[in-house]
Every structure is written in C-alpha cells, then in structure tokens.
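Enquirer: Structure below; questions to follow.
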Amino acid sequence: MIELINTAVQTVPVGQSVVYNTVAVRSGVERHRPGSAFVTLPPPGRYLVTFSGNIAVPTGETVGEISLGITQDGEVLGGSLMRVTPAAVEEYFNVSTQHYVDTYCNCCVNVGVLNTSDIPILVDNPNITVVRVCG
C-alpha cells in the first residue's frame, strides 16, 4: 500500500499529470519517486487505485468544465473521468474515483491522474492511494 499527497496547490497544464511530493504511508511494494506524477505497480497483482482532490479553474482562464482521469501507462481508464463545471474561477470542487488495475508477469504498470480538460487546472490536496488486493 502507498498513499501519496501534495502539500501545495499546483497548476496542472493540459495533458499533464498531478504531481505528488510526499509519501504519507508506505507499506508495500509499490514505488514512487518524490516529485513524480506516477506510482509504479510491480507484477503480478490486482491493485485498487483511489484518487481524491479539489479542482478549480485558475484566475485568467475561461470558466467551463474541467476534468481529471486515472491513467494506466498514460491512457485514461474508462469510467475514471472526474468532471465538474465551476461557476467562477478558484471555486473548488472535490472529485474522487477508484478503479482496479491489474499487472501481469514481467510487466510493471504506471498509474497517475491526468488533466483531461481544455485548460490548465488548479489541484489542491490531491491524494492517491494504491492498495494491492491480491497477487
């Protein structure tokens, strides 16, 4: 099991991933390099990946729908998209999702959370937890 957080508000550019600067809890084989956006899951196994955080439109951007999605090796997982439509800039909404990710023999998997919006977004208090449930 690993739990990652970021202790500062970050602006995540379009097509980039949320970065984590602190390992809050670590008790398993999952790997993370501080300052990286990804968790590496060694094989074989099934992992439950959970994300939560607060997102907003930054000052200077046009208000509209913003979104994040959990990625597996850079591809957004179907059903993981977290979408909100703030009414004003810097109006935060909490988003969360969780998904199972499988790894197979001789193949590590990298998971992260990608900004799938058309504009940069603010992300505050992001938390990603990965728990190996079997394997």
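FYI, it's all coordinate maths here, none of it is from the lab. Here the structure is a predicted model, which is why all the values come from computation and not from measurement. Using ideal geometry, Cβ is built from the backbone for each residue, glycine included, and neighbour counts are taken over all protein chains shown.
Enquirer: Under a no-solvent Debye model with one identical scatterer per Cα of the range 85-134, what's log10 I(q)/I(0) at q = 0.12, 0.14, 0.25 Å⁻¹?
Expert: Calculated log10 I(q)/I(0) at the listed q: -0.42, -0.55, -1.17.
Enquirer: So, one more: Apply the Karplus parameterisation 6.51 cos²θ - 1.76 cosθ + 1.60, with θ equal to phi minus 60°, to every residue of the range 54-64 and state each ³J(HN,Hα) to the nearest whole Hz, in sequence, with x for glycine and proline.
Expert: Here the 3J(HN,Hα) series is 10, 10, 8, 7, x, 4, x, 9, 7, 5, x Hz.
Enquirer: Oh, and also: Can you figure out the FRET efficiency of ASN125 with SER27, using R₀ = 22 Å and their beta-carbon distance, to the nearest 0.05? Write out the running numbers ahead of the final one.
Expert: Values: r = 22 Å, r/R0 = 1.00.
My answer for the efficiency is 0.50.
Enquirer: Next up: Show the residues, 5+ positions off or on another chain, whose built amide H is closer than 5 Å to the amide H of VAL113.
Expert: For VAL113, whose amide H was placed from the backbone, the distant partners under 5 Å are VAL18, THR71.
Enquirer: Over all directions, the average projected area of the alpha-carbon convex hull for the range 1-50 comes to how many nm²? Before the final figure, lay out each step's value.
Expert: Values: hull surface 16.0 nm².
The orientation-averaged projected area of the Cα hull of the range 1-50 comes to 4.0 nm².
Enquirer: Still on this structure, I have one more. Test of understanding: ordering CYS134, CYS105 by Cβ neighbours within 10 Å, fewest first, what list do you get?
Expert: Numbers: CYS134 9, CYS105 6.
The order, fewest Cβ neighbours first, is CYS105, CYS134.
Enquirer: Remind me, relative contact order of the range 2-134 in percent, using alpha carbon pairs under 8 angstrom and six or more residues apart? Please list the in-between numbers first.
Expert: Values: 364 pairs, mean separation 54.3, N = 133.
Here the relative contact order equals 41 percent.
Enquirer: Counting other beta carbons within 10 Å of each Cβ, put MET82, MET1 in order, fewest first.
Expert: On the way: MET82 20, MET1 15.
Ascending Cβ contact count within 10 Å gives the list MET1, MET82.
Enquirer: Along the range 35-46, what does the Karplus equation 6.51 cos²θ - 1.76 cosθ + 1.60 (θ = phi - 60°) give for ³J(HN,Hα), rounded to whole Hz, x for Gly and Pro?
Expert: Along the range 35-46, the couplings run x, 8, 9, 10, 10, 9, 10, x, x, x, x, 10 Hz.
Enquirer: Count charges around GLY64 for me, please; just the other residues with Cβ under 15 Å from its Cβ, Lys/Arg as +1, Asp/Glu as -1. Present the calculation step by step, with values, prior to reporting the outcome.
Expert: On the way: positive: ARG83; negative: GLU61, GLU65, GLU90, GLU91, ASP118.
Within the 15 Å Cβ shell, the charges total -4.
Enquirer: Can you compute 3J(HN,Hα) from phi for each residue in the range 75-86, using the Karplus curve 6.51 cos²θ - 1.76 cosθ + 1.60 with θ = phi - 60°, rounded to whole Hz and x for Gly and Pro?
Expert: 9, 5, 6, x, x, 9, 5, 10, 10, 9, 10, x
Enquirer: Report the equivalent ellipsoid semi-axes for the range 2-134 in whole Å, largest first, defined as the square roots of five times the eigenvalues of the gyration tensor built from alpha carbon atoms. The partial results should precede the final answer.
Expert: Working: eigenvalues 143, 42, 26 Å².
Value: 27, 14, 11 Å, ordered largest first.
Enquirer: Of GLU75, GLU3, GLU61, how do they rank once you tally other Cβ atoms within 10 Å and put the fewest first?
Expert: Fewest to most other Cβ atoms nearby, the residues stand as GLU75, GLU61, GLU3.
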